[in-house]
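Heads up: the structure comes next, in structure tokens.
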Amino acid sequence: MVQPSRARSRPRGRASVASVAGELLLTAGVVVLGYLAWQVTLADAVMGERQQEAGRAFAQQLDAASGADGGAVAEEALRTDAPPAEVRADDRESFAVVHIPRLGEFERVVGEGTSRAVLDSLQQGLAHYETSAMPGEVGNFAVAGHRNGQGGPFTHLDEMRLGDRVYVRTEQAWNVYELRNHEYVPPTAVDVVAPVPRMPEVPADGRYLTLTTCNPEWSAAGRLIAYATWVGWSPAADGMPAELAAAIGEA
Amino acid sequence: MYAALWRILPGPWSVRLLIVLALVAAVAYALIVHGYPWAMQTFFPTPDPVIE
């Protein structure tokens, strides 16, 4: 005798409005919990990768504009004479790419002005203080970036060490800076982006780089600042500085 | 709703299970790569890193 299958013998439940609503609510709960887990684990990997892609694409544009051969490496030592003057970018315009080997495969686009439009953009992510100097200019080239979220370029800014190089690449030149120190400041410490950082009364005397981000993580209670000083430049047309090429190759 | 989905799927239960897992994976991928980034950009501004 053939046994009826278990599926057939079980009463077939009909979906009611309440059961569908319940299942939708459970699903919504899972999706929301998923968002929470995603925000603290995968968010900056996913969105940061979009910014990296944008960085690579913009770097190719700069290569084309400067006449540099894509994978070219400049073998000459960095020059320490005055680098070419940069033309100020329009608000929200992309004008530079920053490489920081200490932060891993880091290649992000700098946009003009510290608006949310630039900071939150997956095409940019680094925001140039519009009143600060341009790359290589005498004064302070100051850039803000999120610590967490929206790509979180500066999540590990606190792990940079003395002497770590920061490469700022424009259509004309690679300007190279070297990390000097960190500082933890309140959000109101506007003089960190002064021409001479922390000395607003002193006129510009050298070429500095200031990076600003949130501190602690996921909080706007304070700011983490990284200061760097200029070490030299090389023409964009010659290609990537050999030292950076080596650092990327090792990474 | 999900019971109805299970009944619509073809094949024996092992095949259905594979299809369901594939669907779940596809939905999870779409959320991680597209849905959640959009949600963060739209609804969850992260702390301001600017000095002002």
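Computed from the coordinates by the stated procedures, all read-outs in this text should not be read as laboratory data. Since this is a predicted model, take the numbers as computed values, not measurements. So basically every Cβ, Gly included, is an ideal-geometry build from the backbone, and we count neighbours across all protein chains shown.
Based on other C-beta atoms within 10 Å, arrange A:VAL168, B:VAL27, A:VAL192 from fewest to most.
In increasing order of surrounding Cβ atoms, one gets B:VAL27, A:VAL192, A:VAL168.
Could you line up A:TRP233, A:TRP38, B:TRP6 from fewest to most neighbouring Cβ atoms inside 10 Å?
Final ranking by Cβ density, sparse to dense: B:TRP6, A:TRP38, A:TRP233.
Roughly how many debye, to the nearest 20, is the charge dipole of the stretch A:113-178 about its Cα centre, given +1 on each Lys and Arg Cβ, -1 on each Asp and Glu Cβ, and no other charges?
I would put it at about 100 debye.
What value, in deg cm²/dmol to 500, does the helix sum -39500 (n - 2.57) over DSSP H runs of n ≥ 4 give at 222 nm once divided by the residues of the protein assembly as shown?
Computed mean residue ellipticity for the protein assembly as shown: -10000 deg cm²/dmol.
Give me the net charge for the shell around B:VAL33: Cβ to Cβ below 15 angstrom, other residues only, Lys and Arg +1, Asp and Glu -1.
Counting the neighbours of B:VAL33, the net charge comes to -2.
How are the C-alpha pair distances of the protein assembly as shown spread across 20 Å bins, as whole percents from the shortest bin up?
For the protein assembly as shown, the binned pair fractions read 30, 43, 17, 8, 1, 0 percent.
Using θ = phi - 60° and the Karplus relation 6.51 cos²θ - 1.76 cosθ + 1.60, list the HN-Hα couplings for the stretch A:216-229 in order, rounded to whole Hz, with x at every Gly or Pro.
3J(HN,Hα) across the stretch A:216-229, in whole Hz: x, 4, 6, 9, 9, 5, x, 10, 9, 10, 10, 9, 9, 10.
Decide, for the stretch B:2-41, between rounded, prolate and oblate: order the square roots of the alpha carbon gyration tensor eigenvalues as a ≥ b ≥ c, take rounded if a/c falls under 1.5, and otherwise choose prolate if a/b is larger than b/c, else oblate. Walk me through the numbers on the way to the answer.
Values: a/c = 5.60, a/b = 2.82, b/c = 1.99.
It comes out prolate by the Cα gyration axes.
So how far apart, in nm, are the two label points at A:VAL40 and B:LEU17 if each is 7 Å from Cα heading toward Cβ?
3.2 nm
Where q = 0.15 Å⁻¹, what log10 of I(q)/I(0) comes from the Debye formula for the stretch A:120-251, counting one point per Cα?
Here the Debye-derived log intensity ratios amount to -0.73.
Could you run the Karplus curve 6.51 cos²θ - 1.76 cosθ + 1.60 with θ = phi - 60° over the stretch B:15-32 and give me ³J(HN,Hα) per residue in whole Hz, x for Gly and Pro?
3J(HN,Hα) across the stretch B:15-32, in whole Hz: 5, 4, 4, 4, 4, 4, 4, 5, 4, 4, 5, 5, 5, 4, 4, 4, 5, 5.
Sort B:TYR2, A:TYR177, A:TYR129 so that the residue with the fewest other Cβ atoms within 10 Å of its own Cβ comes first and the one with the most comes last.
B:TYR2, A:TYR129, A:TYR177
At a Förster radius of 45 Å, what calculated FRET efficiency corresponds to the Cβ-Cβ distance of A:GLU105 and A:ARG14, to the nearest 0.05?
With R0 = 45 Å, the Cβ-Cβ based efficiency is 0.25.
What residues qualify as long-range amide H neighbours of A:GLY232, i.e. H under 5 Å apart, gap of 5 or more or another chain, H built at 1.01 Å from N?
Here the answer is A:VAL176, since their amide H atoms fall under 5 Å of that of A:GLY232.
Counting only other residues whose beta carbon sits under 15 Å from that of A:ASP90, what net charge do I get with K and R as +1, D and E as -1? Spell out each step's value before the answer.
Working: positive: A:ARG88, A:ARG92; negative: A:GLU86, A:ASP91, A:GLU93, A:GLU112, A:GLU130, A:GLU171.
Summing Lys and Arg as +1 and Asp and Glu as -1 gives -4.
Modelled label-to-label distance, A:GLU75 and A:GLN61, 7 Å Cα→beta-carbon offset: nm?
Taking the simple label geometry, A:GLU75 and A:GLN61 are separated by 3.3 nm.
Per residue of the stretch A:205-211, in order, report the coupling 6.51 cos²θ - 1.76 cosθ + 1.60 (Karplus, θ = phi - 60°) as ³J(HN,Hα) in whole Hz, putting x for Gly and Pro.
Those phi angles translate into 10, x, 9, 10, 10, 10, 10 Hz.
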